[in-house]
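Here the structure comes first, spelled out in structure tokens, and everything after it is commentary.
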């Protein structure tokens, strides 16, 4: 077991990358779907659910999903971006998906014309929340904007006048 742990250690910083990519892409895909259909179409759904100011909420949700998803995808300020993203997910969970139970895939029937599924539960929403929490607490890992900005800041501090470090010593 110790050998396996030692072999996996160099990969630890890469672990958040697949999670970031799928969670970020998922949010952006939902946001762009709302945008291409027109947020006014989503506003009708929100109005039916009794959401106050459905037009504003539709545009805000679309923006949060696209911009927040891009933030997660690129690894930029995830602890901040995860808050409005979590609000969107929790709102969907409690206003739409909760009554349909946990499972997201419910086979309703199989006919000659294809498979039909029942209402979607909250399984995927819980996975999104878990992914956001993991990234917000555990960090963005390699190939993230946060890491790139931090490395650039360190380089600038090392190269600044009076730091005692010259480009030749780096």
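Here are the numbers for the structure shown:
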| quantity | calculated |
| --- | --- |
| Tilt relative to the chain, helix 145-159 - C-alpha long axis, 0 to 90 degrees, to 10 | 20 |
| Calculated SAXS-style log₁₀ I(q)/I(0) at q = 0.14, 0.19, 0.20, 0.27 Å⁻¹ - region 40-109, Debye, Cα scatterers | -0.54, -0.86, -0.91, -1.12 |
| Degrees, to the nearest 10: 39-48 long Cα axis against longest axis of the chain | 60 |
| The chain - Kirkwood radius from inverse mean 1/r over Cα pairs (Å) | 18.8 |
| Degrees between helix 123-138 axis and first principal axis of the chain (Cα, 0 to 90, nearest 10) | 20 |
| Rounded Å value of the spacing that divides the Cα centres of region 50-78 and region 127-160 | 21 |
| Inter-probe distance in nm under a simple model that places probes 7 Å from Cα toward Cβ, at residue 11 and residue 153 | 3.1 |
| Pair residue 80, residue 45: separation of 7 Å Cα→Cβ label points (nm) | 2.9 |
| Helix-only mean residue ellipticity at 222 nm for the chain, each DSSP H run of n ≥ 4 adding -39500 (n - 2.57), per residue, nearest 500 | -18500 deg cm²/dmol |
| Sequence-separation-based contact order of region 24-170, relative, with Cα cut under 8 Å and 6+ spacing, percent | 19 |
| Relative exposure of 97, 47, judged by other C-beta atoms within 10 Å (fewest first) | 47, 97 |
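Coordinate-derived values only; no laboratory data. On a predicted model such as this, the values are computed, not experimentally measured, just so you know. Cβ atoms come from the backbone with ideal geometry, glycine included; neighbour counts cover every protein chain shown.
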